[in-house]
Structure formats: C-alpha cells, structure tokens
1. Between the label point of B:D101 and that of the same position in each other copy, find the distances and list them shortest first in nm, with every label point placed 7 Å from Cα along the Cα-to-C-beta direction.
2. Based on Cβ point charges of +1 for Lys and Arg and -1 for Asp and Glu, what charge dipole magnitude is obtained for the protein assembly as shown about its Cα centre, in debye rounded to the nearest 20?
3. Among B:G96, B:H237, B:A75, flag the residue with its Cα farthest along the positive direction of the charge dipole of chain B, charges on Cβ as +1 for Lys/Arg and -1 for Asp/Glu.
4. First check a/c for the protein assembly as shown, with a ≥ b ≥ c the square roots of the eigenvalues of its C-alpha gyration tensor; if it is under 1.5, answer rounded, and if not, answer prolate when a/b is larger than b/c or oblate otherwise.
5. What is the mean number of Cβ atoms from other protein chains located within 10 Å of the Cβ atom of each residue in peptide A:91-98, rounded to a whole number?
6. Between copies, how close do the A:M243 label points come, placed 7 Å along Cα→Cβ, listed in nm from shortest?
7. Given segment B:76-217, what percent of its DSSP beta bridges are antiparallel, to the nearest 5?
8. With the Cα gyration tensor of chain B giving a ≥ b ≥ c as the square roots of its eigenvalues, does the rule (a/c under 1.5 for rounded; else a/b larger than b/c for prolate; else oblate) give rounded, prolate or oblate?
There are 2 protein chains.
Amino acid sequence: MASDDRGRDKTPPRILCIGMPVRDLIFRVPVVPARGHKEYASAFIEVAGGNSPNAAVAIARLGGRALLTGPIGGAHAASNAIIADQFKGEGLDTSGLVVVDDVVTPISSVLIDPSGERTIATFRDPKLWTVRLPPPDILLADCAAVLIESRCAPFGTEMCAEARRRGLPVVVDGDRMMSLREGLWQVASHIVFSSEALRATAGVDDDVAALRKVATLTSAFLGVTSGARGVDWLDGHGEPHHMPAFPVHTVDTLGAGDVFHGAFTLAVAESQPLEQGLRFASAAAALKCTRFGGAFGSPQRSEVADFLTSGVVGTPACPSR
Amino acid sequence: MASDDRGRDKTPPRILCIGMPVRDLIFRVPVVPARGHKEYASAFIEVAGGNSPNAAVAIARLGGRALLTGPIGGAHAASNAIIADQFKGEGLDTSGLVVVDDVVTPISSVLIDPSGERTIATFRDPKLWTVRLPPPDILLADCAAVLIESRCAPFGTEMCAEARRRGLPVVVDGDRMMSLREGLWQVASHIVFSSEALRATAGVDDDVAALRKVATLTSAFLGVTSGARGVDWLDGHGEPHHMPAFPVHTVDTLGAGDVFHGAFTLAVAESQPLEQGLRFASAAAALKCTRFGGAFGSPQRSEVADFLTSGVVGTPACPSR
C-alpha cells in the first residue's frame, strides 16, 4: 500500500465503488398503500441512488474521493444525464461507469412513510450483469480501498481479487443473499451485511449466530447492521460485539445502510481503528436518517465530528430536500 | 347537437378529455412489498397514463377521436416528450395540453402483482390546478361529448358547463371523493364512479345505497364500477340495476376503470342505448385486464365486437407489453 499511503499524505483517499446506479423515485406517503389501493404522495423527488453510489456520495461528503464503476442502461439517455449530473454535483468521478446498450437503468419506487421507514420495489434488467468493467490499471490507480455491493460479484469479483493482490482492503456490502460458493468470501477483507441479507445467506434467524455460521467461509472481518438496533460484529477471536445505533429523530432511512458502508470503507482506507470506524459509520448513518432525500441527506465530515463530540444533531450544512 | 350529428355521419365522434396526464412507472412484482421491505420486480415499463388520458387511448383504439386537455409539468422536458410521443402514437390530439412551468408532471408508482391487482402511489403537484385551459371555442369545436375526471373540477367545470349549454353530453369520471357542493353535480349528464370514490363521497359503505344518496344532488345518470364485481346504476326512476363483469383471465387491472369510462363516453357520443353502452364499456375494460401495460393494453373496436359476439378473448391486435 506504499503508493496509496503516499497519496494519502497529500490528498484524501480515493475509493473505488463497484455498484449499480439506480434511479430512485422517492414518494413521501401518509401510509404505504395496501395491496389494490391508491395513496396520494405529498412530495416526490427523483434522485440517483443504488448501494455503492449512495456510499460514494457519503464518502465524498465525508472528505474522501470516490470513483464509481458499474453498468448503467443506455435506453434512456435523458434519465442517465440526470443521474450523472447529480453524482458529478457531489464531486464523484463517474468515468468508470459503463453504458449497456438497449437496457433501462435500474429503477426503484421508494415510499417513505411518516416514521421514515422506506418500502422499495426495484427493477434491474438481467442484461446489466453482462457489463465489462474498465481494466484494473485504470480503476485501481491511486485507490486506497474498494467497496463492492454483493450483487455485483459476477462482474466485480476479479477486480476485487486484483485489488487484494495490490494490498488494498476490499469492503463488501452484503445487501442481498450471497451464495455460499461466492468468490467474494475469499477476496473480501471486510464484509458488512444488512440483517435481512445476512439471515437469508446463513439461513439463520439470529444475527450473531448467522455471523458465526458464515465466519467458516471467510477470513474477512464480519459485521451486520440492523437499522435502529445498531451493529454487531465478530472480533479477531470470533467473539461477538454490539454497538447500539445513535438515537435520532428519523425522517428517512433510505440509503442509511449505504452511508454506513461508505463511511466505514473511508475509515478503513484512513486506517482508523476498527471500533472507531464503526462508530464513525454509525454516526454518519444516524445523521442521514434525520434528513429526507436518500443518500443526498448524507452529512458532511464536520457534522459527524460535531455529533460524535456533542451527541447533538446540528443544522444540516446541506439543506434537506 | 345538430352540427356534431352531421360530423359523425362522415367522421368518428370527437371527444374532449379533460384530465391530468401522469407518468406511470409500472413494476411487475412477485408480491407487493410489506412496509419496510424490498421486492425485486421482474419487469418495468414507463408509460403515459392518468384517468382521462387512459380513457382517451381507449376512445382512439375503439374508433373515436380524442382531444386531450389539462396541465402537464414543465420541469422535465424529456419526460414530457416521452408522454407526448406515446399519446401521439395512439393518434390522440394533444394540442389542448398546457404546460405549467417549474412543476413536475404527475407521477405514479404502480405495482402489478401476479393476480393483476395494481397498488399505486401518486404525486400531483398542487400547482397543477392553477392551469388555465384554452378557450371553449377551440376545445369544444367539432366535439360530440366531454369526459372529465372529477379531480379536474377546479379548472374544468366551466368548460363542462359551456359544453352542456352547447347541448353536449358531459361524462364525469368520479375517481376521487367529490365534494357535495361540487359544480360537477349540476353540469354532468352522466357520472360513473369507482366504488371506492363513491363510498367516500356518500359516506356509505354500500354501492347502491350510495348511488341513491348522491342521486339527490344531481339529475345526471349515475353508475358505479367495482372491478370484477361489475357495474351498478340507477335507471330513470331511480331503480338500481346490476351488470356483472365479463369473466376473463386478469393480468393487469391498471387503467381498466379508465377504459370503461372512455368506452362508455364513446357509446354516449354515438347515441348507443344506455345498457348497450354499459355492456360495450364492460367488454372493453375486461379485454384490457387481459393485457399488461395499463391503458396501452386497451382493445381495438373489432376485438370488442368479436368478444361481445363470441365471449372469447381473441389474439390482441396490439401485442401486450
């Protein structure tokens, strides 16, 4: 990691985020409609989203540099322009995105109810997985860490393997059930699951028991986030630890897990001690929950620092939408 | 109606459809996600929708001519171009649409589950109701009937009153709870409610009782559609009648009520006897339910004729999407 360490002395760490950008159509509803019913939304915004892209937004707000790679659909150029503009507005490097012809960019309907809970339906065209990423010498140049969402394993695992060969940490966002034969188990240095994905992967209904079960598959650090319940992880001896979430007034949980992953990966890239990194990530995710607008509600670095010091949610530097 | 009768001798009747075009984002899901959950859609399309616009598509497919009027948002020109292209592709006259600056066009998330049931969240910016329609001499020229969705009353009632003064029938799609002081009660010649809207309007939990209650407010023909349960209406003596829906294999109910309204208005414009018109509308709506894609699953006139003769669903002239 010598070259990256040198880079970090001068400029913030650069993180390669492997993921699938999504058009998030966010409706603020009084209640999630029951099957067969209609509800009228009081607000609507369309924002660029997706797990790793959301994490990339968080990384940039927290002072890191993020290079995005993955497929986007070529079918609706106008929609992609909206996505690209929003990411560029956050200072993300989108040069690693690859257009897949005749395919729609993934799209999500996201309903946010008054408690801040999000309910999602997502469409991703299967052809998106045929994408070929740019070569590692381009994507990994000057990178200090890699973050990958687990659904990108089919086209991203080889890039992660190369990153590890180059001595870079590889953080996996386990947001969907992972196959037990998945190559990501071997190439990851850290895997942080959502509770739902971990339980589905392990076939076990308890987070810690599930972590212990999948620990037999990997030498990576293993953690799991479960929203307001906080985060659990296994230490180097396989012993479980728990950190409660910061209590905040939640208005929108969309992207909170992604913000956690982005902040945690940045902490890893900055060589923060593990528990400090988890606390940093928890604080960033908690602040995000206090604001509407998915990952575009992510906090700035100074806000996280203030929050960790005072425990008080300050006035957002970036107004909530 | 002399001039319109003359027009109908040569060309199909022209119907003014007052409504709000909507971007319908349609996801085919294995199950409607429970609050707080994610579901993965197996298909996605974006189509132009909205009650009266959907009815206009049905009218055009059934051999009528439709002129659309109402507000569209000016905020996303590219999205509006998609809507305009789809409507024009159906042969609709969109020259009556009025752009409202700095407003997003109404947008709906529509989930279609394996039974064909639709679950909807819709956002309509309140500023859309500030629209001013083009003058009646333009919109009503050469028209044989008017169809209006009840939510458009604030900007559309005066146009309907003028249409009645000119001797044209005015059909109201009662798709949302109507105020009992609404001017539409006076200017309508026909009001056909959805069951949900009628019950909310009357504050009564039974369709026929609700029809009788609102009958005190209007001299219009009153009917109510309730999906697979069929249609109920009051005759000239206030006596209730029921017509069951045609049994079909349902794959997508989105827009079925709108297709009913469009077909019924066309039947009124063609001076079809009332019960025949209701049967025609029921058949058109039933055929729509057999196809995915909202109102773009509407049948052609010949298909409805064949279905009414044989009771068999033929091969769609327009392939389902």
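1. Copy-to-copy label distances for B:D101: 4.1 nm.
2. Once rounded to the nearest 20, the dipole reads 260 debye.
3. The listed residue farthest towards the positive side: B:A75.
4. Judged from the Cα gyration tensor, the protein assembly as shown comes out prolate (a/c at least 1.5, a/b above b/c).
5. 0
6. Distances between equivalent label points, in nm: 6.6.
7. Bridges in segment B:76-217 are about 45 percent antiparallel.
8. Cα axes put chain B in the rounded bin.
Bear in mind that the values in this text are calculations on the coordinates, not laboratory data. The structure displayed is predicted, hence computed values, not measured ones. Cβ sites come from the backbone with ideal geometry, for glycine too, and all protein chains shown count toward neighbours.
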